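Reading through the structure tokens given below for one structure.
The values are calculated or read from the model by the stated rules, or taken from the named source; none is laboratory data. Note that the structure is predicted; figures quoted are calculated from it, not measured. Using ideal geometry, Cβ is built from the backbone for each residue, glycine included, and neighbour counts are taken over all protein chains shown. For accessibility, only protein heavy atoms count, side chains too; no ligands or nucleic acids. Shrake-Rupley method; radii C 1.70, N 1.55, O 1.52, S 1.80 Å.
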Amino acid sequence: GESVGLHLPTLSVQEGDNSIINCAYSNSASDYFIWYKQESGKGPQFIIDIRSNMDKRQGQRVTVLLNKTVKHLSLQIAATQPGDSAVYFCAENNNAGNMLTFGGGTRLMVKP
Amino acid sequence: DGGITQSPKYLFRKEGQNVTLSCEQNLNHDAMYWYRQDPGQGLRLIYYSQIVNDFQKGDIAEGYSVSREKKESFPLTVTSAQKNPTAFYLCASKTGASPGELFFGEGSRLTVL
């Protein structure tokens, strides 16, 4: 659905701490999920993806967890760095239309 | 390098004018998409095209038009019928295989004066 309001949820973490960004998705038939990072004034960049037949996938400093029972997705960033400050979006693949539906986003702020 | 190029990066328009945003990709992707992003919000789908000479309306197509005459190009026209066109516009592409990652351009910021 469409995001409402102009204020993104914000997560503020200390440099070096781990960050966990959460996302609830809407379609129980979605078969693929992606996390994107968007820096101010730029296009979203791919971080990591996961298919629905998995519940965990790890990348470099990032881990995505998928809980299909409660339709929940999370992105974990280890040893958060100032360069990780951005808005993070989750997206689910619309099984019927080969399209991604995006969540409203979470702003991550890293304090030095 | 392969990628998606959007132009212009910044565009100002007077009310009542149509403007066209360019999107070119050299990734040999079949599918292309246009999204609109308003401040502090997520991405909303305007139009998409799965193949040359074919395109479909997204969630917020009113006031916009597109064409897909070439595989590499998917221009978006913001018409005077769009009541609130000031926004950040993002073009993306992906291979035809589903599902898969969307590759995004750097965006075009349109401001209506």
Which value, in Å², gives the accessible area per residue of chain B when a 1.4 Å probe is used on the protein heavy atoms?
47 Å²
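State the percentage of accessible surface on chain B attributable to carbon and sulfur atoms; use a 1.4 Å probe and exclude ligands, DNA and RNA.
Here it works out to 47 percent.
Loop by DSSP (not H, G, I, E, B), at most 14 other beta-carbon atoms within 10 Å: where is the longest site-free stretch of chain B for GluC sites (Glu not before Pro)?
Result for the longest clean stretch: B:16-61.
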Nothing charged except the Cβ atoms of Lys and Arg (+1) and of Asp and Glu (-1): what's the magnitude of the dipole of chain A about its Cα centre? Round to the nearest 20 debye.
100 debye
On the full set of protein chains, 1.4 Å probe, figure out the accessible area of B:THR95 and give it in Å² to the nearest 10.
70 Å²
Overall Cα dimensions of segment A:52-112, principal axis frame, Å, largest first
43, 21, 20
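How high is the relative contact order of chain B, in percent, with contacts defined as C-alpha pairs under 8 Å that are six or more residues apart? Don't skip to the end; give the middle numbers.
Details: 291 pairs, mean separation 39.7, N = 113.
In percent, rounded to a whole number, it is 35.
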Summarise the accessible area of chain A (1.4 Å probe, protein heavy atoms) by the percent that is carbon and sulfur.
48 percent
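Let me check I've understood the local charge: for B:LEU90, count other residues with C-beta under 9 angstrom from its C-beta, Lys and Arg +1, Asp and Glu -1. What total comes out?
Computed value for this residue: 0.
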Rg to Rh, two decimals, where the protein assembly as shown supplies the alpha carbon set and Rh follows Kirkwood:
0.97
Around B:LEU21, which amide H atoms from residues at least 5 apart in sequence, or from another chain, sit under 5 Å from its own amide H, with H modelled in the peptide plane?
B:LEU76, B:THR77, B:VAL78
Just tell me which lysines come within less than 26 Å, Cα to Cα, of B:LYS94; anything on the same chain fewer than 8 places away is out.
A:LYS37, A:LYS42, A:LYS56, A:LYS68, A:LYS71, B:LYS9, B:LYS57, B:LYS70, B:LYS71
Which three lengths, in whole Å and largest first, does chain A cover when its Cα atoms are put on their principal axes?
43, 31, 23
Of B:HIS29, A:HIS72, ordered by accessible area with the largest first and a 1.4 Å probe, the sequence is A:HIS72, B:HIS29
If one computes the Cα centroid of segment B:50-113 and of segment A:1-70, what distance in Å separates the two points?
23 Å
Can you give the convex hull volume of the alpha carbon atoms of chain B per residue, in Å³?
99 Å³
So, R0 is 35 Å and r is the distance between the beta-carbons of B:LYS14 and B:GLU101; what FRET efficiency does that work out to, to 0.05?
0.40
